[in-house]
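The values are calculated or read from the model by the stated rules, or taken from the named source; none is laboratory data. Quantities reported herein were computed from a predicted structural model and do not represent experimental measurements. Positions of Cβ are backbone-derived with ideal geometry, glycine not excepted, and every protein chain shown enters the neighbour counts. With ligands, DNA and RNA removed, areas are computed over all heavy atoms of the protein, side chains included. Shrake-Rupley method; radii C 1.70, N 1.55, O 1.52, S 1.80 Å.
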Amino acid sequence: MPSLENITNTIHTWLNNHVSSTLATLIEMLIVALLAMGLFAILGLILVLMERKVSAYMQIRLGPNRVGFKGSLQTLADTLKLVLKEGLTPNGADKLLFNLAHYVVMCAAMLILAPLAFAKGFQIWDINIGVLYISAISSIGVIGILMAGWASNNKYSLLGAMRSGAQIVSYELSAGLSVLCIVILTGSLRISDIVNAQQNGWFIFKGHIPAIIAFVIFIIAVTAETNRAPFDLAEAESELTAGFHTEYSGMKFALFFLAEYVNIFVVCAIGATLFFGGWMPLHIGNWQGFNHAMDFVPSSIWFTIKVFGLIFLIMWFRWTFPRLRVDQLLNLEWKYLLPLSLVNLLVMTVVAIMGWHF
Amino acid sequence: MYRTTDILEHKQSPSAGGVGEAEYMVINVGPQHPATHGVLHLVITLNGETIINVEPHLGYIHRSIEKMCESLTYRQFIYTTSRMDYLSSHINNHCCAMSVEKALQIEIPERAKYIRVILDELTRLASHQLWWGAMAMDIGAITPFFYAFREREMINDIMEETCGARLTMNYMVPGGVMFDLHPNFQKRVKEFIAFFKSKIDEYDEILTGNVIFQNRVKGIGMLSKEDAISYGCTGPTARASGVSCDVRKLYPYELYNNIEFDEIINTGCDSFARYQVRMQEMKQSLKIVEQLIDNIPEGDFQAKTKAVLKLPKGEFYTRVETARGEFGVYIVSEGATTPYRIKFRSPGFSNLSALNHMAKGNKIGDLVAIMGTIDLVIPDIDR
């Protein structure tokens with residue numbers, strides 16, 4: 001059966017047989033870079049359309065339906081408009097930081113892709129500290145947002161950036177602690193180990209109640225980390241017009257927008273990997289026949305289904321909930337989520353030590 | 001609690017560690033801002049996220065309607081009032097028509113009275129629906145807006161069929177209403193009532209019961225009964241502070257003294273109380289329309305009036321309850337065909353004046369929640 005794993009292996013062997021190993025690595029890097037950028041573009045197209053269709057569905061309207069089949073090319077048309085627009089730099093802005101900020105945000109979003117396993121054997125970099133790497137890199141994005149807010153020379157932007165800084169720094173704690181719950185179960189930070197450990201069942205089922213609590217905390221925390229409603233205080237349209245990207249226009253704005261969607265994809269991919277077994281098909285204990293039937297679905301399809309399921313969940317939040325206030329947001333983290341995730345981590349440790357998990 | 005005036009006093013006193021006013025940030029909210037629903041210009045002073053002072057600046061859409069009215073006849077000046085509180089245009093027109101009728105002692109036919117009250121209440125419903133959606137959007141929930149507009153659209157269609165307009169109606173004229181009802185009117189209003197009754201619980205499900213929403217509106221924007229009276233607040237804003245001020249109950253006009261409905265009074269004094277008052281008023285409006293829709297008497301829809309109206313010399317004041325509060329028309333007549341002076345008492349203006357008092361010490365996020373619950377329509381404030 002042709003799978004992504006075979007394709008990558010074939011390319012790797014072919015390259016090593018025909019050119020020197022250094023050149024082969026360089027060519028592979030180039031291919032990976034192109035693929036990552038291609039993924040970015042496709043994600044932008046798909047997720048923006050998906051968001052608009054999901055919101056339209058929830059808001060009893062049709063959504064984009066003029067450009068292309070059922071509006072499928074709407075995002076392309078929007079991108080074209082944004083490309084053609086002038087990227088203004090306001091007077092009095094810090095020009096260097098203002099023009100750098102969106103690249104920082106983009107690079108941060110891009111770097112997190114490295115350790116993600118998109119399918120069986122289809123992974124850019126299986127680093128041994130994968131989970132740690134992800135939580136480290138995901139905090140870089142906030143620097144870009146702070147830069148944008150500060151450099152815009154706009155009070156709304158500054159307020160939005162400050163809110164965003166406080167929010168992301170706080171919610172990273174809970175996100176990190178809930179990720180640790182899964183690390184305890186596997187004893188490894190490597191993404192491939194975590195996925196392989198879920199061969200006989202996903203962690204959300206195997207880890208008893210602590211895993212479910214960890215998942216709920218994780219979803220809340222990553223929604224906050226990606227600045228999505230109900231935690232979209234950094235943008236807070238009705239309060240701060242558009243928050244940190246008020247002054248951005250044209251492609252500069254588009255990059256922020258794209259980074260937001262890629263971030264959603266990335267955090268959902270992490271959630272799917274940790275709690276829903278990544279590309280691992282749905283396996284239930286010793287049901288051989290069932291497990292075998294599930295294996296027929298390609299691993300990349302499994303991964304996509306899980307990730308888009310979680311993305312739909314996050315979009316559902318956005319179109320249902322009102323926005324929190326800034327002090328309520330921080331209260332939620334420091335007074336409820338953080339103590340809860342600490343206790344949860346402790347419970348998970350006990351479960352893992354006693355071997356109560358499946 | 002973080003919101004106390006003592007924090008402010010502490011910051012402002014020169015002895016308190018040398019933190020002066022230079023720390024404060026001044027932000028212009030509006031005239032073009034997504035939260036001000038129109039073109040209200042607020043200058044807010046901030047200490048971090050906390051509001052120190054809110055100063056509304058008016059004049060951006062001042063059209064000098066009162067002055068214009070001085071050169072318009074008593075039939076013409078009614079049209080300008082549709083452009084003031086555009087969400088209560090029927091009710092504004094009603095007030096003007098009534099003031100002319102009162103001055104000339106015109107007795108209007110019973111049918112016209114029924115039509116007027118039904119349309120008033122439908123207008124109130126439409127206005128409250130729009131308010132509900134817009135307020136949810138201020139707080140950050142975008143979806144309720146579309147639910148609100150689904151029902152509002154039905155009312156707008158009824159209005160369009162009845163008087164040919166969806167926003168600036170100009171349907172009430174001195175002596176009655178301009179045309180007779182459309183034959184479909186009763187059927188469509190009944191359809192709307194049945195539909196809205198099945199959907200009004202959805203409003204509570206999606207927004208009122210939401211814990212985030214309740215946290216956002218409970219305990220903020222406090223306006224005590226005394227303050228509400230001294231700022232001259234009327235309508236749901238004042239009734240949520242426990243002030244009984246429903247003109248329909250206290251000074252009944254048209255049919256209101258024969259109709260069974262409750263004046264909604266809440267003593268919560270906060271944004272949530274104002275929210276609840278409006279939500280319950282929608283149900284009362286439904287009740288009023290239900291009582292009247294089957295009993296519209298046959299007959300004339302307009303009394304016979306002279307072609308040129310001349311008010312006797314004197315001063316006339318009429319008031320009605322719009323969706324936002326008490327709307328008054330004060331006419332000074334010198335006996336000519338045009339008024340000598342007209343003054344409109346608009347509810348939004350007085351309610352806006354309480355905004356600074358309500359918002360002080362709250363966060364920026366609260367400011368939009370408070371503005372949402374006092375339901376400002378800017379052309380009504382800035383005439």
Surface accessible to a 1.4 Å probe, B:MET154 within the full protein complex, Å²: 50 Å²
Calc'd 3J(HN,Hα), segment A:114-122, phi into Karplus 6.51 cos²θ - 1.76 cosθ + 1.60 (θ = phi - 60°), Hz, glycine/Pro = x, comes to 3, x, 6, 9, 7, 7, 4, x, 10
Tell me the Kirkwood hydrodynamic radius of segment A:14-123 in angstroms, computed as one over the mean inverse distance between distinct C-alpha pairs. 17.7 Å
Restrict the search to segment A:1-88; then list the GluC sites (Glu not before Pro) that DSSP places in a loop and that have at most 16 other Cβ atoms within 10 Å of their Cβ. A:GLU86
For segment B:216-239, which residues drop by 10 square angstrom or more in accessible area between the chain on its own and all protein chains together (1.4 Å probe)? B:ARG216
From the P(r) of chain A, could you give the percentage of C-alpha pairs in the tail past 30 Å? 41 percent
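For segment B:26-89, go through all pairs of different Cα atoms, get the mean of 1/r, take its inverse, and jot down that Kirkwood value in Å.
14.0 Å
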I'd like the Karplus ³J(HN,Hα) series for segment B:240-248: coefficients 6.51, -1.76, 1.60, θ = phi - 60°, whole numbers in Hz, and an x wherever there's a Gly or Pro. 6, 9, x, 8, 7, 9, 6, 4, 4
If packing is taken as the average number of other Cβ atoms within 10 Å across a peptide's residues, how do B:253-262, A:281-290, A:301-310 rank, most packed first? A:301-310, B:253-262, A:281-290
Calculated P(r) of segment A:203-358 - Cα pairs past 18 Å, %: 67 percent
Inter-chain shielding of A:313-323 (mean C-beta neighbours from other protein chains, 10 Å cut-off): 5
Each residue of B:133-140 has, on average, a number of other protein chain C-beta atoms within 10 Å of its C-beta equal to 4
Can you tally the net charge around A:ALA136? Count Lys and Arg as +1, Asp and Glu as -1, for every other residue whose Cβ sits under 14 Å from the Cβ of A:ALA136. -2
Ordering of A:158-171, A:113-126 by burial proxy (mean other Cβ atoms within 10 Å per residue, highest first): A:158-171, A:113-126
Given a 1.4 Å probe, the accessible area of chain A per residue, as a whole number of Å², is 46 Å²
How many partner chain Cβ atoms sit within 10 Å of a residue's Cβ in peptide A:325-335, on average, as a whole number? 3
Using the Kyte-Doolittle scale, which helices in chain A average at least -1.0 and also have C-alpha atoms spread 18 Å or more along the helix axis, with helices defined as whole DSSP H runs? A:4-18, A:21-58, A:95-111, A:155-186, A:208-225, A:250-275, A:299-320, A:338-354
Report the semi-axes of the equivalent ellipsoid for the protein assembly as shown in whole Å, largest first, where each axis is √(5λ) for an eigenvalue λ of the Cα gyration tensor. 58, 28, 25
Find the accessible area per residue for segment B:235-319; the probe is 1.4 Å, ligands and nucleic acids are left out, and the unit is Å². 45 Å²
Long-range amide H contacts for B:GLY176: which residues qualify at under 5 Å (H placed 1.01 Å from N, peptide plane, sequence gap of 5 or more or a different chain)? B:ALA303
Going by average Cβ density within 10 Å per residue, which order do the peptides B:97-106, B:65-74 take, highest to lowest? B:97-106, B:65-74
Volume per residue (Å³) of the convex hull spanned by the alpha carbons of segment B:233-348 is 117 Å³
Reduced Cα scattering model of segment A:1-55, Debye log10 I(q)/I(0), q = 0.23, 0.26 Å⁻¹: -0.88, -0.97
Calculated log₁₀ intensity ratio I(q)/I(0) where the Debye formula runs over C-alpha points of chain B, q = 0.08, 0.14, 0.15 Å⁻¹: -0.43, -1.20, -1.34
Everything considered on the Cα gyration tensor (a ≥ b ≥ c; rounded for a/c under 1.5, else prolate if a/b is larger than b/c, else oblate), segment B:96-196 must be described as prolate
Collect residues whose amide H, placed 1.01 Å from N in the peptide plane, falls under 5 Å from the amide H of B:GLU326; neighbours closer than 5 in sequence don't count. B:THR234, B:GLY235
Any chance you could run the full-extension gain for B:GLN105 through B:MET178? It's 0.36 nm times the residue separation minus the Cα-Cα distance, nm to one decimal. 24.4 nm
Cα centroid distance between segment B:269-311 and segment B:203-254, in Å? 20 Å
